[in-house]
Amino acid sequence: MPDMPAYTPPNVWTWNKDHGGRFANINRPIAGPTHDKELPVGRHPLQLYSLATPNGVKVTVMLEELLALGHGGAEYDAWLIRISEGEQFGSGFVAVNPNSKIPALLDRSGPEPIRVFESGAILLYLAEKFGAFLPSDGGERAECLSWLFWQMGSAPFLGGGFGHFYAYAPTKIEYAIDRYAMEAKRQLDVLDRRLAESAYLAGDEYTIADMAVWPWYGTLAKGQLYDAGEFLQVQGYTHVLRWTDQIAQRAAVKRGRMVNRTWGRPDSQLHERHHADDFHTRTQAMLAEQG
């Protein structure tokens with residue numbers, strides 16, 4: 001790459017806000033709160049603080065799936081956390097998730113509130129709490145958990161790696177984009193080969209492994225993530241596409257992906273969710289606005 005200037009790392013790295021790209025206003029090399037702000041609390045057992053990014057969608061889909069199975073204890077309030085405005089650095093949010101990332105869950109169903117953070121941990125916590133979407137058989141359970149943790153380990157290469165350098169970095173760096181595009185395609189191939197063998201990632205049954213992987217790789221396979229479908233030639237991953245479309249048709253998935261969403265078509269957004277009727281109320285309001 002002859003046009004790329006040479007870079008020699010300094011002996012000691014220093015933080016330069018001007019080099020952060022699109023998310024420079026919320027990225028920093030230290031943890032902890034930046035301001036005092038308590039979190040709101042609704043009337044349901046589960047309080048979710050989130051945004052409809054792929055990691056947030058995992059949890060709202062899980063909660064809607066649990067409710068669809070009749071688990072009334074999975075009723076939840078979903079509060080919007082606007083990460084672009086730094087709301088994840090409020091003191092209340094940091095108390096629930098010291099890592100200042102969405103989603104964060106507070107389970108108030110017992111005598112003492114229980115905090116759960118990191119999306120994979122929340123899925124596993126809810127699956128064990130309600131006895132759903134996690135196989136009990138040793139082999140199938142191991143397969144499910146393996147794919148769940150595969151997603152947790154792989155997605156940073158897709159998001160912070162490929163997504164950042166392809167879509168958000170202030171300077172397009174050929175080496176970085178090539179490196180992470182190669183990894184993104186390798187990951188899609190891993191999934192495609194697995195889904196050629198079985199209907200879902202853990203086998204014949206839909207599990208938290210699918211809920212974890214689908215919001216990232218399903219949207220990528222449909223060309224809806226980073227606008228990179230043509231670049232990555234996603235149409236070639238036919239088994240991933242079959243699985244993606246199958247999951248997208250689930251009613252609970254359709255509801256879950258709307259929650260805490262603030263972009264896209266107005267009828268795809270439900271900024272906060274405090275009751276099951278909120279979906280119906282939102283639809284009625286949209287119809288009224290349309291005349």
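Applied to segment 208-220, the Karplus parametrisation 6.51 cos²θ - 1.76 cosθ + 1.60 on θ = phi - 60° returns per-residue 3J(HN,Hα) values of 5, 5, 5, 5, 6, 7, 4, x, 7, 8, x, 5, 5 Hz, with x for Gly and Pro.
Across q = 0.16, 0.19 Å⁻¹, segment 197-291 modelled as identical point scatterers on its alpha-carbon atoms has Debye log10 I(q)/I(0) values of -0.78, -0.98, in the order of the q list. Rg/Rh, computed from the Cα trace of segment 138-255 with Rh as the Kirkwood radius, has the value 0.98. Per-residue packing, averaged as other Cβ atoms within 10 Å, sorts the ranges 34-43, 89-98, 65-74 into the order 89-98, 65-74, 34-43, beginning with the highest.
Averaging the sequence gap over all C-alpha pairs within less than 8 Å and six or more residues apart, then dividing by the number of residues, gives segment 86-160 a relative contact order of 16 percent. The label-point distance for H71 and Y175, in a model that sets each label 7 Å from Cα toward Cβ, rounds to 4.7 nm.
Rg of the Cα atoms in segment 51-129, relative to 2.2 N^0.38 Å, amounts to 1.07. Estimated from the Cβ-Cβ distance and a Förster radius of 41 angstrom, the FRET efficiency linking R186 and A121 is about 0.95.
Label point of F279 set 7 angstrom out along Cα-Cβ; within segment 250-269, amide nitrogens under 11 Å from it belong to 250-259. For segment 39-122, averaging the sequence separation of C-alpha pairs within contact (under 8 Å, six or more residues apart) and dividing by the residue count gives a relative contact order of 35 percent. The reciprocal of the average 1/r between distinct C-alpha atoms defines the Kirkwood hydrodynamic radius, which for segment 39-185 equals 16.8 Å.
The value of relative contact order for segment 169-286, using C-alpha pairs under 8 Å at least six residues apart, is 16 percent.
A Förster radius of 22 Å combined with the Cβ-Cβ distance from R193 to D227 puts the calculated FRET efficiency at roughly 0.30.
Taking the fewest neighbouring Cβ atoms within 10 Å as the starting point, the ordered list for R22, R108, R273 is R22, R108, R273. For the chain, the 222 nm mean residue ellipticity estimated from helices alone, with every DSSP H stretch of n ≥ 4 adding -39500 (n - 2.57) and the total spread over all residues, rounds to -12000 deg cm²/dmol. Note on R265 and R82: with the Förster distance fixed at 30 Å, the Cβ-Cβ geometry gives a FRET efficiency of about 0.95. For E272 and D36, the difference between the fully extended length at 0.36 nm per residue and the C-alpha to C-alpha distance is 82.8 nm.
Here are some pairs, K58/K172; K58/K101; K172/K222; K37/K254; K17/K172; K185/K222; which of them have Cα atoms lying more than 22 Å apart in this structure? Result: K58/K172; K172/K222; K37/K254 exceed 22 Å.
Placing one equal scatterer on every Cα of the chain and applying the Debye formula, the log10 ratio I(q)/I(0) at q = 0.07, 0.09, 0.14, 0.16 Å⁻¹ is -0.29, -0.48, -1.13, -1.40. Residues H274, H164 in ascending order of nearby Cβ atoms (within 10 Å, fewest first): H274, H164.
Read-outs throughout are calculated quantities, based only on the coordinates presented, and are distinct from any laboratory measurement. Note that this is a predicted model, so its numbers are computed, not measured. Here Cβ is always computed from backbone atoms with ideal geometry, including for glycine, and neighbour counts include all displayed protein chains.
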